[in-house]
Structure formats: C-alpha cells, structure tokens
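Here is the structure we will look at, set down as structure tokens.
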Amino acid sequence: MSALKDTKHLKLRGNIWWYQRRVPKHLANQYPDQSFIQISLETGDIREARKKRDVLNGEIESKSLRTITNTDGQRFRELVREMERDRANHPKKWDLAIYPERLQEQGQQLELEAYMTVNGARDFSRKYRLTILDGYEMWLNDVGQSKTEEHRHKIEKAIKDFGKFCFKNYDWIDSPNLVIEDIDRKLVYAFIKHLGKSYKKTTVQGTISRINTIWAYLKKIDEVKGDNPFHDHIYSSAEEAQSEKREPFTKEEVEIIRAYKWEKPVYSLLVDLGIYTGCRISELCNLKKKHVVVDEGIVAIKTLRKVRQKQQQEQCLYQTSWVLACLNTSKASKTKSM
C-alpha cells in the first residue's frame, strides 16, 4: 500500500480523523458490549493521524499478551500497564469504556482492582507483587523450554537456595519465595558471602549468574525496573585462599582406590572410567546407552557437556576414546589369562 493511500483503521469525520477497527475476537473480554473500537485522533493532519494510529495498534497488540499470561499477578500488572498507557495518551477518555459496577456484577474482581489502582481509588499493587518464582515460571514458559533440563534445574535450585537463605536470616522476609522488589544488593552480597564459606569463587559466581538470568529476563519484558541487584559484585577470594587446595592423587593412592573390593564388580568400572576419562560423577551416573558410540572400531563416550572450543571437544573425545580402548584391551587380556 502506498503512503498516500495508507488509511487502514482511519476514518475521516468532518475535518477530524478517527481510529476505527473491529474488536479482535481474542480481546472481546477487554471491550465488553463493543463491536468496534472508535477513538478520536483529534487531528486533521493525515500524517499525525497515522502516527497516532500506529501507537494505538501497538497498545492493542500488547493487550494480546494477556492471552499468554498464567497467573493473576501477571494479568493484573499487564492490565495496570495498559490502563496507565491509555490514561497517558487519552487522559479524558481512557476509562469511558470501563464500568466498575458491571465488572463487579460479572465477578471480574481482578479487572476491577486494576482499574481502582490506576484511577487512585485504592492501590492493590501489593496484593499482586511479582515473586522470583513467578519470574522463573515466566522465563520457563517463554524461553526456558529451549534450555537443557540440567540448566533449568540449576537455575531453579539457585533461586530456591537464595530464597531459603534470606527467609532464614531476615525476620522481615515472610516467605522463601522472595518478592522481586524486596531484593537489593545487600541481600545478594550477604548470600555471596554465605556461599563463599563453603564453595569456590567460580561456583559462587555461577550461582549468582543463574539467578541473574531470571532478573535480566524480567527486565527485558518490562516486569522490573531499576538497577540489577545481581550485577557487578565483588567476589572475595579470601575464603578460597584459606581453604585446602586440591591435589591430584599419587600413583600409589590410585592403585589403592582401584584395588578396593566393591559389593558389585560394576562399581570398579565406574571408578576406572572416572579416573581415566575425567568424567564427572554426575556424568557417569547419568550415562546411558545412547551416549556410547563406536567410531572406526573405537568405543567412545559422547557426553552432553558443551565444550567451548571445537579443538578441546575433539581432544576430549579422543582421550576418552583412547582410554576406553585401553580398558577394553585390558579387560580382554584379563579374560584370556583366566
């Protein structure tokens, strides 16, 4: 459509342009007893009318977000934002289509409380405050399904550990499910110091980073405002310097471990795999048949762990393959000797 003929949703009445369109079916409950949305754009200039029309189109499209919200809190906050935008753009007409008595009769309590919050009659915002677990559920439904199960589990665990710590140590916090607006830098830093007593610096940074994933997501969708309380912290290495440094096993210690008589012989194979492949305990315990591959006669473990550099990934796979080949040879030799 050419710019000269771009009059979609625009209707000229006298010398004034009006915005006019049918109410979308999925937003019918937003406009009770209305078939059309009609708003005066208060201008006779077609260029200005097009700009205002585009703004209104954006506002109406944003209303469709309500169809994917899952909780009363999400619906309430979205409604409040919509009404506040309407009031800012149309201060005299923003609530002409809202009838409080009808909302009450129809049992639409949430919509009524959102309207009362915006018009100043009574503020219900505290009742529908966003919690950190609400944020996690929103992230999970929106983008979290594309992440691995392990990644989702780690984020959820980090959030719950943070909530439990704050609930246990601060009397004014009445639930482990923290309200987003109650989280400040002091709480986060106290949690960092608490973790630092038991974990290495990199582990603590990873935990905070996972919680920050949810906060950053909520920031992007305009659910939170202000500075990020999880960003730009100092991670002291004092506890790490004082902790006992990890040292590799000596050859003698490795032989003692391998010679241990387990209840089930299969356990010794897990020990050998752990020693010679470098796989983590969690990776060994989650090992499945599909993770074992045969490539050109070499048995290898294809783990799910992501390696940043392709060269490192190939090296890891080669080393794992070589060890498994050695183990197979060793096992065959033992069988022949028997």
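The values are calculated or read from the model by the stated rules, or taken from the named source; none is laboratory data. A quick note: this is a predicted structure, and the numbers were derived from the prediction, not measured. FYI the Cβ positions are ideal-geometry reconstructions off the backbone, even for glycines, and counts take in every protein chain you see.
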Open item on the list: Every residue in the stretch 122-166 that is within 15 Å of residue 71 (Cα to Cα), polar (S, T, N, Q) and more than 10 Å from the chain's Cα centre (by Cα), please.
Closed with: 125, 131
TODO: Could you list, in sequence order, all residues of the stretch 60-92 that are surrounded by 12 or more Cβ atoms within 10 Å (Cβ to Cβ), outside any helix (DSSP H, G or I) and at pLDDT 85 or above?
DONE: 90
- [ ] Could you look through the stretch 288-301, keep only residues that are at pLDDT below 80 and in a loop (DSSP other than H, G, I, E, B), and pick out the one that is nearest to residue 270 (Cα to Cα)?
- [x] 297
Task: Per-region count, the stretch 174-233, residues surrounded by fewer than 16 Cβ atoms within 10 Å (Cβ to Cβ), assigned to a helix (DSSP H, G or I), of a type in the set (A, V, I, L, M, F, W, C) and under 17 Å from the mean Cα position of the chain (by Cα) - done: 1
Open item on the list: Being more than 30 Å from residue 137 (Cβ to Cβ), modelled with pLDDT of 90 or more and polar (S, T, N, Q): is that true of residue 38 here?
Closed with: no
TODO: Please tell me if residue 214 is among the β-branched types (Val, Ile, Thr), under 26 Å from residue 164 (Cβ atoms), modelled with pLDDT under 85 and out of contact with any His (no Cβ under 9 Å at 6 or more places or on another chain).
DONE: no
Task: Residues of the stretch 144-172 that turn out to be touching a helix residue (DSSP H, G or I) at 6+ places or on another chain (Cβ under 7 Å) and at pLDDT below 90, as a count - done: 1
